[in-house]
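Okay, structure first, notes after.
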């Protein structure tokens, strides 16, 4: 991700889709994820182009170094788009929800 401007807590970053594959879990659905996984289900994951402005998500990343669907634990808010790439603002760590 590339920083665009601002202080750390108000910084807006743009996802670089060529460094890995990014997916998002809607924050509204995080409380039900453990129940879904225990029941053999898969949580609903959204791709880069499916994220919506104004919504909050937890980031999931798969990269070439071997991380596969790794939950970063960061909650971000989509504040806009550059072309079809989301611009993200850090909200909090997901364990604080």
For the pair residue 67 and residue 90, how long in nm is the line joining their label points, each one 7 Å along Cα→Cβ? 1.4 nm
Please order 11, 58 by the number of other Cβ within 10 Å, starting at the fewest. 11, 58
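Report the extension gain between residue 79 and residue 52 in nm, rounded to one decimal, defined as 0.36 nm multiplied by the number of residues separating them, less their alpha carbon distance.
Contour length minus Cα-Cα distance gives 8.8 nm.
A short reminder: the numbers here are calculations on the coordinates, not readings from a lab. Source: prediction; values computed, not measured. We place every Cβ from the backbone using ideal geometry, glycine too, and count neighbours over all the protein chains shown.
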